[in-house]
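Right, one structure below, let's go through it.
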Amino acid sequence: MDIVAVTRRLTVEDVEAAYPQGIFPMSAAGGLFTWHRPSRRAILPLDGFHVSRSFARTLRQRQFEVTFNRDFLGVMRGCAERDSTWITREFYEVYGELHRRGRAHSVEVWVEGQLAGGTYGVHFGGAFFAESKFHRRTDMSKVALHALVERLRERRFALLEVQYLTDHLATLGVIEIAGREYRRRLAEALTIECPFD
């Protein structure tokens, strides 16, 4: 298990203290919150995003609009649209406050004026911790992630973490590294200050 703590409350202060230590929260049964530090971490190298031929076609056609921080809570709601979600009321409150403080950010993808996909996460120094992504139209979560990678590269971020490796994320270039190596990269990333906006 990668759980390092269990609490009954989720506070902005606890979340702000956790990420720089490589820890992130999730909700659990009974109104509890579990705090995770996986022994292996999934990261997306900022020069390693894989663009397939079909996705390259989607990007070229540009039948979408990308924005940043326009509808943070809308992106969170989109990410919670699934059979089972850890995004509870407390997460909306805490991450909404982190967004107001400039610590949490969203990427929105719009198609015909409707929110069609997006991703959000937390930012400290030169590290970005992606929390979740969603799509309501084909490929739009990938468009959001691609836009996030481009923005982080432009602003010289050093680390993009996506928590856990999945088969889908692996097709996009996500790799898994040991916890010790992750902590080393995180420590380096935290020594630089990168603006997101």
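The values are calculated or read from the model by the stated rules, or taken from the named source; none is laboratory data. Bear in mind that the values here come from a model prediction, so they are computed numbers and not experimental data. Cβ placement follows ideal geometry from the backbone for every residue including glycine, while neighbour counts extend to all protein chains displayed.
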Reported set for segment 63-81 where residues are over 17 Å from the mean Cα position of the chain (by Cα) and farther than 16 Å from L148 by Cα is Q63
Scanning segment 62-76 residue by residue, those out of contact with any strand residue (DSSP E or B) (no Cβ under 9 Å at 6 or more places or on another chain) and either acidic (D, E) or surrounded by 14 or more Cβ atoms within 10 Å (Cβ to Cβ) (or both) turn out to be none
Requiring at least 2 residues that are farther than 21 Å from A56 by Cα, the helices (runs of 4 or more DSSP H) wholly within segment 122-196 are 179-189
Across (1) assigned to a strand (DSSP E or B); (2) under 22 Å from L169 (Cβ atoms), W110 clears everything bar (2)
Looking across segment 181-197 at residues that are loosely packed, with under 15 Cβ neighbours inside 10 Å, within 20 Å of E150 (Cα to Cα) and not acidic (D, E), the single one that is farthest from the chain's Cα centre (by Cα) is I192
Looking for something of a type in the set (G, A, S), in a strand (DSSP E or B) and either touching a strand residue (DSSP E or B) at 6+ places or on another chain (Cβ under 8 Å) or exposed (fewer than 15 other Cβ atoms within 10 Å of the Cβ) (or both) - is there at least one such residue anywhere in segment 35-54? yes
Here the residues within segment 86-121 that are exposed (fewer than 15 other Cβ atoms within 10 Å of the Cβ) and either closer than 29 Å to L59 by Cβ or modelled with pLDDT under 95 (or both) are R89, G102, E112, G113, Q114
Report task. Kindly establish whether V111 is of a type in the set (V, I, T) and in contact (Cβ under 8 Å) with a residue 60 or more places away in the chain. Result -> no
The correct count of residues that are more than 15 Å from the chain's Cα centre (by Cα) and either in a helix (DSSP H, G or I) or among the aliphatic types (A, V, I, L, M) (or both) in segment 82-93 is 3
Residues of segment 1-31 being part of a helix (DSSP H, G or I) and either on the phi < 0 side of the Ramachandran plot or charged (D, E, K, R) (or both), in sequence order, are V12, E13, D14, V15, E16, A17, A18, Y19, P20, Q21, A29
Quick count over segment 139-175, residues being surrounded by 16 or more Cβ atoms within 10 Å (Cβ to Cβ) and either touching a residue at least 60 places away in the same chain (Cβ under 8 Å) or over 23 Å from V75 (Cα atoms) (or both), is 23
Going by the structure shown, is L59 modelled with pLDDT of 95 or more, of a type outside the set (K, R) and either over 26 Å from H168 (Cβ atoms) or surrounded by fewer than 18 Cβ atoms within 10 Å (Cβ to Cβ) (or both)? yes
